[in-house]
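Enquirer: Structure in structure tokens, see below.
The values are calculated or read from the model by the stated rules, or taken from the named source; none is laboratory data. These numbers come from a predicted model, not from an experiment. Note that each Cβ is placed from the backbone with ideal geometry, even for glycine, and that neighbours are counted across all protein chains shown. Surface accessibility is based on the protein's heavy atoms, side chains included, excluding ligands, DNA and RNA. Shrake-Rupley method; radii C 1.70, N 1.55, O 1.52, S 1.80 Å.
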Amino acid sequence: MTPEKSAPISRRERPAKPALTRQGIIDAALAILRDEGLGKVTMRRIAAALDTGPASLYVYVRNTGDLHAQILDSLLGPVKVPAPEAGSWRDRMKALLASYGEVLFRHPEIARMAMSTQPSGPNYMALADAILGLLDEGGVSGREAAWALDLLLLYPTAVAVEHSSPKSATQEAEFSALAAKIATADPARYPHIARLGDTLVSGDGPSRTDWALDVILDGVLAAASRA
């Protein structure tokens, strides 16, 4: 006996699709990023997830670069500005940049993308404004503050790109080989490397980051004093 075929469902009987929105597109992109990686976050893949056509997305997202910028801005939501009582302006600046860096460390692909993507959403604007406010509190304003903003955001981004991906056995072996090379450097040929051999590979990540941010901030303050 041939089983009866079920009657096709009329379009009128299908549940209505949720209205397409910018936030809905970003939420779908974040879900794909989490489950499949940034390489799968394409207009076509997002459209399939939302049961629509890729052309429909361009009403809300200009292009892939705009999509990436909006993803990054959404991920910056948890970044918190330290309260004034949390410490000096310098300590709060470091804490703010560390919070930004942690977002990138949790999303290695986004960290690499952030090197070439310029977000302009509300979360990024709030982060930028907070940095400028802390610089102003430290006596840095005008051009020095405006240019320092790029420099201060670039450092944690670059660090996240360098260290966020798990190191492979090959990379670990390469670093060990480099450390051995430094330790046995010929003083006659490489006098400065030989003198600073142990120091060149000393310090953990947080210590080096803290030192680097102090150097950047000291330089910004010095530039502001000359302005």
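Enquirer: Please go through segment 74-124 and give me each residue that is over 15 Å from Pro156 (Cα atoms) and among the aromatic types (Phe, Trp, Tyr), ordered by number.
Expert: Trp89
Enquirer: For Ser176, are the conditions met, namely being open to solvent by 80 Å² or more (accessible area, probe 1.4 Å) and either of a type outside the set (A, V, I, L, M) or touching a helix residue (DSSP H, G or I) at 6+ places or on another chain (Cβ under 7 Å) (or both)?
Expert: Against the criterion (open to solvent by 80 Å² or more (accessible area, probe 1.4 Å) and either of a type outside the set (A, V, I, L, M) or touching a helix residue (DSSP H, G or I) at 6+ places or on another chain (Cβ under 7 Å) (or both)), Ser176 does not qualify.
Enquirer: Could you check segment 119-143 and list, in sequence order, the residues that are open to solvent by less than 50 Å² (accessible area, probe 1.4 Å) and part of a helix (DSSP H, G or I)?
Expert: Listed by number, the residues that qualify are Tyr124, Leu127, Ala128, Ala130, Ile131, Gly133, Leu134, Leu135.
Enquirer: Could I ask something else about it? It is to be established whether one or more residues within segment 68-91 are at pLDDT 95 or above, surrounded by fewer than 15 Cβ atoms within 10 Å (Cβ to Cβ) and either on the phi > 0 side of the Ramachandran plot or not hydroxyl-bearing (Ser, Thr, Tyr) (or both).
Expert: Checked against the condition, which is being at pLDDT 95 or above, surrounded by fewer than 15 Cβ atoms within 10 Å (Cβ to Cβ) and either on the phi > 0 side of the Ramachandran plot or not hydroxyl-bearing (Ser, Thr, Tyr) (or both), segment 68-91 yields at least one hit.
Enquirer: So, in segment 27-51, how many residues would count as being outside any helix (DSSP H, G or I) and touching a helix residue (DSSP H, G or I) at 6+ places or on another chain (Cβ under 9 Å)?
Expert: 4
Enquirer: Filter segment 184-226 down to the residues that are in a helix (DSSP H, G or I) and hydroxyl-bearing (Ser, Thr, Tyr), then identify the one that is surrounded by the most Cβ atoms within 10 Å (Cβ to Cβ).
Expert: Applying the filter and picking the extreme gives Thr209.
Enquirer: Okay, moving on. Being more than 11 Å from Ala212 (Cβ to Cβ) and buried (at least 18 other Cβ atoms within 10 Å of the Cβ) is the filter here, so list the residues in segment 144-156 that pass it.
Expert: If the condition is that a residue be more than 11 Å from Ala212 (Cβ to Cβ) and buried (at least 18 other Cβ atoms within 10 Å of the Cβ), then Glu144, Ala145, Ala148, Leu153 are the ones that fit.
Enquirer: While we're here: Limited to segment 24-60, what total is found for residues that are open to solvent by 80 Å² or more (accessible area, probe 1.4 Å), within 20 Å of Gly121 (Cβ to Cβ) and modelled with pLDDT under 90?
Expert: Selection size over segment 24-60: 1.
Enquirer: Could you tell me whether Ser116 is assigned to a loop (DSSP other than H, G, I, E, B), hydroxyl-bearing (Ser, Thr, Tyr) and within 21 Å of the chain's Cα centre (by Cα)?
Expert: yes
Enquirer: Among Val215, Val161, Val140, Val201, which is touching a residue at least 24 places away in the same chain (Cβ under 8 Å), among the β-branched types (Val, Ile, Thr) and farther than 22 Å from Pro84 by Cβ?
Expert: Only one candidate qualifies: Val161.
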